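J.: Quick one: the structure is below, and I'll ask about it shortly.
The values are calculated or read from the model by the stated rules, or taken from the named source; none is laboratory data. These numbers come from a predicted model, not from an experiment. Counting neighbours? That spans all protein chains shown, and the Cβs are built from the backbone with ideal geometry, glycine included.
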Amino acid sequence: MPALQDLQRQIKSAADLYTVVRTMKSLAAVSIRQYEEAVRALEGYFATVELGLHAVLRHSALTGTAERPQGTVALVLGSDQGMAGRFNEAIIEYAADALAQEDSRQGDRHYWVAGEKAAGGMEERFGAVAEFFPLPSSAQAITGVVQEVLLRFDARRREYGPCRLELYYNAPESAASYGQQRLPVLPPDPEWLRQMAGRPWPGRSLPLCRAAWGPLFAALVGEYLFVALFRAFAASLAAENAARLAAMQRAEKNIEELQEQLGARYHALRQSVITEELFDILGGFEALNQAED
């Protein structure tokens with residue numbers, strides 16, 4: 001009986017765990033959709049920023065007089081929560097390989113990280129992390145974190161001078177898989193800006209810029225930075241939930257197999273206990289008959 005009771009407890013624990021896994025699987029699927037919708041909602045805004053840059057660059061092309069960056073800030077986006085497989089390890093390894101291939105003469109490197117689970121791995125791989133950012137808990141909270149990143153980056157530029165900003169993050173590739181991405185955010189790709197300046201204007205009325213070129217261009221680049229960071233955070237969060245969804249799918253399958261094994265063992269043991277009890281009854285019956293004879 002104790003063994004039978006132990007199996008009953010194991011079966012109940014497996015059923016409870018199965019419920020938790022299915023709930024987390026559903027939450028991950030819902031979260032993926034939430035962050036993907038946030039990225040899609042920003043597409044119109046980014047198109048407006050591109051039009052603004054297009055209009056400004058039509059009136060004055062880049063002169064190449066911008067200050068040369070003296071260092072690089074590498075921002076790695078990880079996760080705050082576990083049960084996402086090798087989500088953090090994969091992006092840290094990718095960032096390390098990409099940074100190792102860069103020219104070391106580009107100046108000092110500062111490592112920033114978003115996500116508690118990734119912070120430890122970053123410190124093990126790169127040493128001290130200069131800045132840490134908690135991840136947003138929803139699509140609505142991404143804006144606040146992005147603004148905090150921009151404020152700290154602006155403070156770093158004022159203290160140390162012009163520098164690059166590179167993002168390393170996981171991006172979803174399907175409903176339950178993801179891949180690693182590297183995005184040089186600042187300074188903007190000169191080739192991209194030149195191509196934008198050379199495009200035909202998408203309308204019959206040509207744009208007119210009344211504001212000073214420098215401040216207007218800087219303001220538009222600031223908006224471009226915001227969009228790029230927002231997209232990266234949303235993509236990383238969607239990829240994290242895709243990783244968690246895949247992990248929960250594997251866990252769900254393993255629990256189902258365990259439940260089948262436990263169920264089979266329980267029924268076999270229960271049948272064995274019943275058989276033993278029947279033999280005991282038959283043995284007692286035969287002993288009574290012999291005593292009466």
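J.: Using the structure shown, decide if Val76 is buried (at least 16 other Cβ atoms within 10 Å of the Cβ) and free of Cβ contacts under 8 Å to residues at least 60 places away in the same chain.
T.: no
J.: Is it the case that Leu193 is at pLDDT below 75 and surrounded by 19 or more Cβ atoms within 10 Å (Cβ to Cβ)?
T.: yes
J.: At pLDDT 85 or above and crowded, with 17+ Cβ neighbours inside 10 Å: which single residue out of Phe133, Phe126 fits that description?
T.: Phe133
J.: Can you tell me which residue in the stretch 79-95 is surrounded by the fewest Cβ atoms within 10 Å (Cβ to Cβ), limited to those that are small (Gly, Ala, Ser) and on the phi < 0 side of the Ramachandran plot?
T.: Among residues in the stretch 79-95 that are small (Gly, Ala, Ser) and on the phi < 0 side of the Ramachandran plot, the one surrounded by the fewest Cβ atoms within 10 Å (Cβ to Cβ) is Gly82.
Matching residues to (1) over 18 Å from Leu229 (Cα atoms); (2) among the β-branched types (Val, Ile, Thr); (3) under 20 Å from the mean Cα position of the chain (by Cα):
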{"site": "Thr72", "(1), (2), (3)": "no, yes, no"}
{"site": "Ser79", "(1), (2), (3)": "no, no, yes"}
{"site": "Ala90", "(1), (2), (3)": "yes, no, yes"}
{"site": "Ala96", "(1), (2), (3)": "yes, no, yes"}
{"site": "Ala114", "(1), (2), (3)": "no, no, yes"}
{"site": "Ala119", "(1), (2), (3)": "yes, no, yes"}
{"site": "Glu123", "(1), (2), (3)": "yes, no, yes"}
{"site": "Pro162", "(1), (2), (3)": "yes, no, no"}
{"site": "Leu165", "(1), (2), (3)": "no, no, yes"}
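J.: Further question on the same structure: Which ones in the stretch 142-166 are surrounded by 13 or more Cβ atoms within 10 Å (Cβ to Cβ) and either of a type in the set (Lys, Arg) or at pLDDT below 85 (or both)?
T.: Within the stretch 142-166, Arg152, Arg156, Arg157, Tyr160, Gly161, Pro162, Cys163, Arg164 qualify.
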